Amino acid sequence: MLRLRLDSIWSPNLVPEDTGVPHDIHHCQLYMKTKISDKEGHFKVFTFQVCTPSTLSEFESGNFLKYVLVLEKFDWQAIQKRIKGLVEDCEDCTNWNEAITALASSLEYKGE
């Protein structure tokens, strides 16, 4: 087993990147990164977006959205809880390829 754990979450769009908040927490779209590591200390960085429903309403109809977490408002605790849930869903994964596949519907992995 990999025994994955969530190490960190941050957004290069925020200052500071790991605790900042957007100007309007009820209307935002932010690029996010998360570092997930295994029991050996090896890690992978995944990306996703956090969007509020009001921001999504501005998207052109007919578009597909992938790697988007929709929240009523920007909330670090809610984001962390959701990512931890995804990591917990990987408890039976025996290698990184399995974990990346399991996370692929929610988090983007671009490789080394």
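No value in this document is a laboratory result; all are computed from the given coordinates. The shown structure was predicted, so the numbers you read here are calculated from the model rather than taken from an experiment. Cβ: placed from backbone, ideal geometry, glycine included. Neighbour counts: every protein chain shown.
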Quiz item: How many percent of DSSP beta bridges within the chain run antiparallel, rounded to 5?
Solution: 85 percent
Exercise. Choose one of 23, 6, 78: the residue whose Cα lies farthest towards the positive end of the charge dipole of the chain (beta-carbon charges +1 Lys, Arg; -1 Asp, Glu; about the Cα centre).
Key: 6
Exercise. Pairs of Cα atoms under 8 Å, at least six residues apart: use those to get the relative contact order of the chain, whole percent.
Key: 30 percent
Practice problem: Please give the helix 76-88 orientation as an angle from the longest Cα principal axis of the chain, in degrees from 0 to 90, rounded to the nearest 10. | Solution: 30 degrees
Practice problem: Can you tell me the equivalent ellipsoid semi-axes for the chain? Use √(5λ) from the Cα gyration tensor, largest first, whole Å. | Solution: 26, 16, 11
Quiz item: Magnitude of the Cβ-charge dipole of the stretch 5-103, K/R +1 and D/E -1, about the Cα centre, nearest 20 debye?
Solution: 100 debye
